[in-house]
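J.: The structure's right below; bear with me while I get my questions together.
The values are calculated or read from the model by the stated rules, or taken from the named source; none is laboratory data. Predicted model only: the values in this text are computed from it and were never measured. Here Cβ is always computed from backbone atoms with ideal geometry, including for glycine, and neighbour counts include all displayed protein chains. Surface areas here come from the heavy atoms of the whole protein model, side chains and all, with no ligands, DNA or RNA. Shrake-Rupley method; radii C 1.70, N 1.55, O 1.52, S 1.80 Å.
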Amino acid sequence: FIEDFSQAMSQAGSSQFQEVIRQELEYSMKVELDKILATAHSNEIEHTKKDLEGFKKLFHRFLQEKGPSVDWGKIQRPPEDSIQPYEKIKARGLPDNIASVLNKLVVVKLNGGLGTSMGCKGPKSLIGVRNENTFLDLTVQQIEHLNKSYNTDVPLVLMNSFNTDDDTKKILQKYSHSRVKIYTFNQSRYPRINKETLLPIAKDVSYSGENTECWYPPGHGDIYASFYNSGLLDNLIAEGKEYIFVSNIDNLGATVDLYILNHLMNPPNGKRCEFVMEVTNKTRADVKGGTLTQYENKLRLVEIAQVPKAHVDEFKSVSKFKIFNTNNLWIALSAIKRLQEKNAIDMEIIVNPKTLDGGLNVIQLETAVGAAIKSFENSLGINVPRSRFLPVKTTSDLLLVMSNLYSLNAGSLTMSEKREFPTVPLVKLGSSFTKVQDYLRRFESIPDMLELDHLTVSGDVTFGKNVSLKGTVIIIANHGDRIDIPAGALLENKIVSGNLRILDH
């Protein structure tokens, strides 16, 4: 008994001690943030204050929560009817008045990211992906095509970050005559914190020059607060808009789907969904993607970062968790407003560790837009075809979308009818291809890939014009070697290694 008692006392003591430390950390953080705010010019004070308030709330929650935020034992498979097959939704057809339904929609693209992972400066949305068109060009073309076809007024809203705002606004002038109203708002700007001291590394509000590394945009979960704070949410509701379709600007498969929109606006049971997440079946390439589960009687998105270490392999299993989140989301505007006003949107915190150029270890606190699904009423997953998930994260992805596997029509990419099976080839380009400019230099023209299953390229390799790749092709130039695939070459089930030796495989 005495042992139990002293253990209980020491645990109580340690939790009190932890509480004291937490309060000290919060106080030190407040002091530092006040110092930063004091450096703001009068025209910056208002939005800097909002940003720092938002950050303070996130930091408070970060100090409260420890370890993975899901109790693995409570995770259940979602009920049958909570994830609907797309075919069933499409089978309902479309009403005659589809234009009036479209007029209630707003398309929102997440445009906060830079093209740095592909070796580009500036916003990722301005990288050319197909026939000189950028991600942004294709998005505008898609919506313009909708508005012209149905005589509607679907606007485009871009959520920019402080990293992408200036460059994006400059380029928007080129669409001034297109039939799409384009609005932008900025997501928050939060301070990175030193991993050891848990204090901000910024000393003032500026974010140019040597201060660029002190700040970060806190993930796309920030959309709810920043959309609301910008005033744009209220303006769109006042115009009669009811739903937003949100997706990553680099997902070329995320086009407006009229069947899903109709399902939202005219639900079969009369009860409208406030939140729809498009999910699709996992392949071996998607084992890390977030999945939808049933948790405490709500649909909940579980990300790999929230999974206790002992269960990570189970989480990655394609048989137990068959689907993953495409981050194509349909959300009711009135619900965002209601929940935002009640401060009732609950998203797990993602702790993202970074090492800065000088070697300093920092962490940034982020949230993900899909994690809010559990805060909305009557949420639904829709299992969509893989074609609605076509993200371009690397030059390997870029090669696929530039190739003859896809045809481009009114800004939308569709798989070529000449390809005999609907799956996309697996393409792995080595580090010599990581940067877009190197990648473009190494392909005189994009190869014919209609019959390709798998391509691996490693080392110093270049491709001449009109090369055809079929089946499984592996090209490996060892260190110091160089392989030039000659113009017009046909490689079918070949391994090429050394200095251009072609072997049957």
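J.: In whole percent, and with a 1.4 Å probe on the protein chains, what portion of the accessible area of the chain is carbon and sulfur? Could the numbers behind the result be given before it?
T.: Details: 12330 of 24390 Å².
Answer for the chain: carbon and sulfur cover 51 percent of the accessible area.
J.: State in Å² the accessible area per residue of the chain; use a 1.4 Å probe, count heavy atoms of protein chains only, and round to the nearest integer.
T.: On the way: 24390 Å² over 505 residues.
Roughly 48 Å² per residue, with all protein chains present.
J.: If R₀ is 41 angstrom, what is the calculated FRET efficiency for the pair residue 318 and residue 465, using the beta carbon separation as r and rounding to 0.05?
T.: Working: r = 39 Å, r/R0 = 0.96.
E between residue 318 and residue 465, to the nearest 0.05, is 0.55.
J.: Tell me the net charge near residue 357. Cut-off is 12 Å between Cβ atoms, residue 357 excluded, with +1 for each Lys or Arg and -1 for each Asp or Glu.
T.: Working: positive: 354; negative: 210, 213.
Around residue 357, the charge tally is -1.
J.: Need one number: the % of Cα-Cα pairs in region 72-384 sitting beyond the 35 Å mark. Could you put the intermediate results ahead of the total?
T.: Details: 10336 of 48828 pairs.
For region 72-384, the fraction of Cα-Cα distances above 35 Å is 21 percent.
J.: Within region 327-438, what is the number of lysine pairs with alpha carbons under 24 Å apart, leaving out pairs fewer than eight places apart on the same chain?
T.: Numbers: 337/374; 342/374; 354/393; 354/435; 393/428; 393/435; 418/428.
Lysine pairs meeting the criterion: 7.
J.: Oh, and also: Heads up, I need the accessible area for residue 397: 1.4 angstrom probe, whole protein in place, Å², nearest 10.
T.: Residue 397 has an accessible surface of roughly 40 Å² with all protein chains in place.
J.: Which percentage, to the nearest 5, of the DSSP beta bridges contained in region 155-236 is antiparallel? Show your work: numbers first, answer last.
T.: Values: 3 of 8 bridges.
Taking every DSSP beta bridge with both residues in region 155-236, the antiparallel ones total about 40 percent.
J.: Between beta-carbons, use under 14 Å as the cut-off and find the net charge around residue 429, counting Lys and Arg +1, Asp and Glu -1.
T.: Values: positive: 393, 428, 435, 441, 442; negative: 397, 438, 460.
For residues surrounding residue 429, the net value is +2.
J.: Arrange the residues 374, 50, 174, 56 by how much accessible surface each exposes, largest first, with a 1.4 angstrom probe. Don't jump to the answer; show the numbers that get you there.
T.: Working: 374 30, 50 100, 174 125, 56 55 Å².
I get 174, 50, 56, 374, largest accessible area first.
J.: Name the residue from 434, 472, 461 whose Cα lies farthest towards the positive end of the charge dipole of region 395-497, charges +1 on Cβ of Lys and Arg and -1 on Cβ of Asp and Glu.
T.: The residue sitting most towards the positive pole is 434.
J.: Going by accessible area, probe 1.4 Å, with all protein chains left in place, what is the ranking of 443, 17, largest first? Show your work: numbers first, answer last.
T.: Working: 443 15, 17 130 Å².
Solvent-accessible surface, decreasing: 17, 443.
J.: With label points built 7 Å along Cα→Cβ from the Cα atoms of residue 440 and residue 484, find their separation and express it in nm.
T.: About 2.2 nm separates the two model spin labels.
J.: Another question about this same structure. Counting Lys +1, Arg +1, Asp -1, Glu -1, what net charge surrounds residue 348 among other residues with beta carbon under 9 Å of its beta carbon? Provide the component values of the computation, followed by the final result.
T.: Numbers: positive: none; negative: 65, 303, 346.
Neighbour charge sum, excluding residue 348 itself: -3.
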